[in-house]
Amino acid sequence: MEFVKDLEDRLLFAVPKKGRIYQACIDLLKGCDIHFNRSSRQDIALCTNLPIALIFLPAADIAKYVGEGNIDLGITGQDIVVESEAQDKVREVEKLGFGQCRLAIEVPMKGECQTLESLVGKRIVTSFVHCTTKLFEPLDKKAGKKTIIKHVSGSVEAACALGLADGIVDLVETGESMRAAGLHDIYDLMETQSVLIANKKSKHTELIEKIASRVRGVITANKYVLCTYNIERVNLANAIQITPGRLGPTVSSLDSLEGWVAVSAMISKKEKGDILDRLTDCGATDIMVTPFTNCRV
């Protein structure tokens, strides 16, 4: 009872307790400067620097709890939001840029069913029963057949090989496990990634926006680096085309060198090699790149 009392007036923030996006979520929390201590067996951790309680839950349950108002804020996949039928109950605060994959129909490479239509009336195994049912209902009605959709939690790749299904609906990231099971995908239901979601009626609106701002800062910091360099003013226009920055570069005169300027601009981390090569060709010198740990945009 004492621990429940500790949760009063705290924002409840649900985080996946394990799985493929767990570590990315923990890294995001650290980048947002959310401090907490969690023992290995605890599913609730009180933050020490903000009025937040982290609730560690199965990712598949988070959208439901946020939608019903039991939790104020959560991190889960867009696929889980749709599967939980929570789209109208939650607000997508921010796309997080990790956990990208596809929800797809997979069938045996040499099986008789190689199109969506050929699976109508057959057996489908999946943990995404709602999404799958919604896809096949109009197809069943048109064909006058009934597709059998069976719920199986966890890994479903072996279902076809075991003779339990003619196809499966599952998340595809790299496709390695799918191909190892002798499957290939024939239809995409949706593309998905991890998102920060909030209950639309939460009373912690200011704190949610503070966290959202920090999250955006971490995401931006992971995408960009700060590029600084010196260049002759006559070449500045060409250099700015290479490093336009987010809103524009910062340009200042060099007191010790007439006709030269110093430039600072945010550049894409993925493109920094090419950008530095182009700056060198443009006549820039003393080019340096500095990573961000966090920022506000």
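The values are calculated or read from the model by the stated rules, or taken from the named source; none is laboratory data. The structure presented is a predicted model; accordingly, all values stated were derived computationally and were not measured. Neighbour counts are summed over all protein chains in view; Cβ atoms, including those assigned to glycine, are modelled from backbone coordinates with ideal geometry. The area values use the complete protein model at the heavy-atom level, side chains included, leaving out ligands, DNA and RNA. Shrake-Rupley method; radii C 1.70, N 1.55, O 1.52, S 1.80 Å.
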### Query
Does segment 69-78 hold any residues that are surrounded by fewer than 17 Cβ atoms within 10 Å (Cβ to Cβ) and at negative phi, and which are they?
Asn70
### Query
Out of (1) touching a helix residue (DSSP H, G or I) at 6+ places or on another chain (Cβ under 8 Å); (2) of a type in the set (D, E, K, R); (3) crowded, with 16+ Cβ neighbours inside 10 Å, what's the single condition that is false for Arg123?
(1)
#### Entry: Search result, residues across segment 53-94 that are farther than 14 Å from Leu196 by Cβ and of a type in the set (Asp, Glu)
Asp61, Glu68, Asp79, Glu83, Glu85, Asp88
#### Entry: Lys89 open to solvent by 40 Å² or more (accessible area, probe 1.4 Å), closer than 30 Å to His204 by Cβ and in contact with a Ser or Thr (Cβ under 9 Å, 6 or more places away or on another chain)
no
#### Entry: Set Arg123, Arg91: member being touching a residue at least 12 places away in the same chain (Cβ under 8 Å) and more than 22 Å from the chain's Cα centre (by Cα)
Arg123
### Message
Between Leu73, Leu29, Leu46, Leu7, which is among the aliphatic types (A, V, I, L, M) and touching an Asp or Glu at 6+ places or on another chain (Cβ under 9 Å)?
### Response
Leu46
### Message
Tally up the residues in segment 249-264 that are of a type outside the set (A, V, I, L, M, F, W, C) and either surrounded by 17 or more Cβ atoms within 10 Å (Cβ to Cβ) or under 13 Å from Thr285 (Cα atoms) (or both), please.
### Response
2
### Single match in Val66, Val81 (criterion: buried (at least 22 other Cβ atoms within 10 Å of the Cβ) and either more than 15 Å from the chain's Cα centre (by Cα) or at pLDDT below 95 (or both))
Val66
### Task
Scan segment 265-287 residue by residue and report those that are surrounded by 14 or more Cβ atoms within 10 Å (Cβ to Cβ) and more than 16 Å from Asn235 (Cβ to Cβ).
Met266, Ile267, Lys269, Lys272
### Message
If I filter segment 52-59 for residues that are without any contact (Cβ under 8 Å) to a residue 12 or more places away in the chain and either open to solvent by less than 60 Å² (accessible area, probe 1.4 Å) or closer than 19 Å to Ser213 by Cβ (or both), do I get at least one hit?
### Response
no
### Message
Among the residues in segment 129-148, are any at pLDDT 90 or above and assigned to a strand (DSSP E or B)?
### Response
yes
### Message
Just the residues that are surrounded by fewer than 14 Cβ atoms within 10 Å (Cβ to Cβ) and touching a residue at least 40 places away in the same chain (Cβ under 8 Å), please, taken from segment 172-189.
### Response
Glu173, Asp188
### Task
Looking at (1) among the β-branched types (Val, Ile, Thr); (2) open to solvent by 30 Å² or more (accessible area, probe 1.4 Å); (3) in a helix (DSSP H, G or I), find the lone condition where Thr115 falls short.
(3)
### Message
Among the residues that make up segment 205-212, is at least one of them hydrophobic (A, V, I, L, M, F, W, C), open to solvent by 20 Å² or more (accessible area, probe 1.4 Å) and either at positive phi or over 29 Å from the mean Cα position of the chain (by Cα) (or both)?
### Response
no
### Query
Of all the residues that make up segment 224-255, how many are touching a helix residue (DSSP H, G or I) at 6+ places or on another chain (Cβ under 7 Å) and more than 17 Å from Met288 (Cα to Cα)?
0
